[in-house]
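The values are calculated or read from the model by the stated rules, or taken from the named source; none is laboratory data. Computed from a predicted structure; not experimentally measured. Methodologically, a virtual Cβ is constructed for each residue, glycine included, from the backbone with ideal geometry; neighbour enumeration extends over all protein chains shown.
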Amino acid sequence: MQPLRLTLFTLGLVLSTASQAAQTRMGPNTTVSFEAGKSALSNTEKDKLKKLLADARSSGKVKQVQIATWSDNFIPSGKKELSKADRKLATLRSKSIQNYLDRQLNVKDFTIHNMAERSTWLSRMFETDDAVLKTEISENPDLPMSKTEFKVFKDNGEPSSSVVLVIYNK
């Protein structure tokens, strides 16, 4: 009885996710740059975010903003990790963008990918978007992306930056 429940639950998740994906489309994106070692947004970068949201809102209803953020270094190959300071820097940069978009531009729904952290074994096992993104970008940069959003992150992301992508409701 348990395997059947698990199968039905998994099928429900897949159908729900497919239904949600069918109701959304990708919008504009921008790359935000940071000074080395810093997490504060400059006025120039704030202006980029204002323009991004203005452009997005003129073309549709913003559903979500996805943010992929790097520290000042790429994740090393193999099983090595970036330092705790690198991981924290990427987190602070994402929070800086999220807080600005929330407080100044009234965006409430976010998905954040900390590109200074490796994905967890559970994320990799269930092939979550975060795990696939991190695996494809950091461990095999020549692997073609399976989703358009991932390609945006891969093509525009680099150390000392965040890629900010708008997702619309259809």
Per-region count, the stretch 20-75, residues free of Cβ contacts under 8 Å to residues at least 60 places away in the same chain and either closer than 20 Å to Gln104 by Cβ or among the hydrophobic types (A, V, I, L, M, F, W, C) (or both): 18
Options Ser161, Ser123, Ser119: the member that is polar (S, T, N, Q), modelled with pLDDT of 85 or more and either surrounded by fewer than 20 Cβ atoms within 10 Å (Cβ to Cβ) or within 16 Å of Gln66 (Cβ to Cβ) (or both): Ser161
